[in-house]
1. Can you find, within segment 29-59, the residue that is farthest from ALA86 (Cα to Cα) among those that are open to solvent by less than 80 Å² (accessible area, probe 1.4 Å) and part of a loop (DSSP other than H, G, I, E, B)?
2. Would you mind stating whether LYS274 is modelled with pLDDT of 95 or more, open to solvent by 20 Å² or more (accessible area, probe 1.4 Å) and in contact with a strand residue (DSSP E or B) (Cβ under 7 Å, 6 or more places away or on another chain)?
3. Just one of the numbered conditions (1) more than 19 Å from ASP145 (Cα to Cα); (2) β-branched (Val, Ile, Thr); (3) crowded, with 21+ Cβ neighbours inside 10 Å is not true of THR192; which one?
4. Being surrounded by 20 or more Cβ atoms within 10 Å (Cβ to Cβ) and either assigned to a helix (DSSP H, G or I) or of a type in the set (Gly, Ala, Ser) (or both) is the filter here, so list the residues in segment 151-188 that pass it.
5. Out of everything in segment 225-252 that is in contact with a Ser or Thr (Cβ under 6 Å, 6 or more places away or on another chain) and open to solvent by less than 40 Å² (accessible area, probe 1.4 Å), what residue ends up being farthest from TYR187 (Cα to Cα)?
6. With segment 204-296 as the region, which helices (runs of 4 or more DSSP H) entirely inside it contain at least 1 residues that are among the small types (Gly, Ala, Ser) and either closer than 21 Å to ARG40 by Cα or in contact with a Pro (Cβ under 9 Å, 6 or more places away or on another chain) (or both)?
7. Tell me, yes or no, whether segment 217-225 has at least one residue that is under 16 Å from the mean Cα position of the chain (by Cα) and under 23 Å from ALA127 (Cβ atoms).
8. Among the numbered conditions (1) over 29 Å from LYS30 (Cα atoms); (2) surrounded by fewer than 18 Cβ atoms within 10 Å (Cβ to Cβ), tell me where ALA125 comes up short.
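The values are calculated or read from the model by the stated rules, or taken from the named source; none is laboratory data. These numbers come from a predicted model, not from an experiment. Here Cβ is always computed from backbone atoms with ideal geometry, including for glycine, and neighbour counts include all displayed protein chains. Just so you know, the surface numbers come from the protein's heavy atoms only, side chains and all, with ligands and any DNA or RNA stripped out. Shrake-Rupley method; radii C 1.70, N 1.55, O 1.52, S 1.80 Å.
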Amino acid sequence: MKKLFLLFVVAWPLWMACATTPAAQQPPKKDIAMQLYSLREDFGKDFDAAIKATGDAGYTAIEAANYGDGKFYGKTPAEFKAAVEAAGLTVLSSHTTKTLSEKELRTKDFSESLAWWDEAIDAHAAAGMKYIVAPWMAVPKTLADLQTYCDYYNVIGQKCKEKGLLFGYHNHAHEFTKIEEVRMYDYMLEHTNPEWVFFQMDVYWTVMAQQSPVEYFQKYPGRFTLLHIKDHKELGQSGMVGFDAIFRNTDVAGTKFLIVEVEEYNYTPAESVKISLDYLLNCPLVKASYALQVES
């Protein structure tokens with residue numbers, strides 16, 4: 001807990017740097033995406049109304065979190081893309097994955113899972129996605145199993161790139177635990193090919209694991225194509241995450257887009273995602289755009 005306390009102490013004045021931007025000024029337009037899980041109940045009730053509200057709030061792009069059986073939120077890829085664009089938004093990315101079976105881990109034959117990925121990649125391409133992100137995996141029992149996952153992710157990344165998409169991995173806190181004395185997250189960064197696998201750092205969970213996002217940016221420059229910008233609840237209100245240090249180091253991180261995710265709320269979910277967006281719009285350290293085009 002000592003390191004977490006130090007992170008809190010360091011983060012507090014940094015939080016104030018963004019928080020003290022004059023709120024009375026009209027905030028500039030910025031390209032900021034929202035992870036749709038932030039409004040999961042609203043999207044579960046009425047997708048069209050929720051996506052319209054996302055655009056009306058001022059977000060410019062979305063990250064999906066409800067892919068299954070070739071559809072997004074029950075819509076075909078074409079229907080999903082049309083609904084998102086009708087709300088004035090860009091289809092950016094999607095969280096989805098398929099866990100390897102025990103047999104696949106043992107044999108290193110991914111054929112069954114890769115067949116699933118072939119369909120999923122085609123659906124994501126048809127929906128206009130630029131990125132597919134694996135949102136989670138359990139901690140493997142051995143480094144050998146972790147290496148198998150790295151090999152698996154490399155193959156998925158190759159398949160995505162062939163279809164014009166990029167593949168990445170999103171962390172929580174457990175990826176910073178050690179397997180056979182080696183930190184899982186570092187191993188993944190070092191044993192996946194940067195040409196095929198990027199990382200979507202969730203800055204909040206990284207801090208909760210008592211790690212420094214900026215230190216990771218500097219240790220593995222260019223690997224963090226997307227960032228999940230998240231706080232305990234609404235952005236900037238906990239003082240636990242040193243956002244301005246993060247925003248000052250996005251170039252070395254290789255960041256192309258910021259994505260807001262709000263999982264817990266002090267207000268209604270709709271109010272919380274708007275407050276979080278306003279925090280970024282009013283923060284002078286946040287760029288108007290990080291990259292409009294996906295690198296080939």
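1. Among those residues, the one meeting the criterion is LYS30.
2. So LYS274 does not fit the description; no.
3. The one condition THR192 does not meet is (1).
4. TYR152, TYR153, ILE156, GLY157, CYS160, GLY168, GLU175, MET184, TYR185, TYR187, MET188
5. Restricting attention to segment 225-252, the residues satisfying the condition of being in contact with a Ser or Thr (Cβ under 6 Å, 6 or more places away or on another chain) are 227, 231-232, 234-235.
So of that shortlist, the ones also open to solvent by less than 40 Å² (accessible area, probe 1.4 Å) come out as 227, 231, 234-235.
Working: LEU227: 19, ASP231: 26, GLU234: 31, LEU235: 30 Å.
Across segment 225-252, the extreme among qualifying residues is GLU234.
6. 243-247, 250-253, 269-281
7. As a first pass, look at segment 217-225 and keep what is under 16 Å from the mean Cα position of the chain (by Cα): 217, 222-225.
Right, trim to under 23 Å from ALA127 (Cβ atoms) and you get 225.
The answer is yes, given that some residue of segment 217-225 is under 16 Å from the mean Cα position of the chain (by Cα) and under 23 Å from ALA127 (Cβ atoms).
8. (1)
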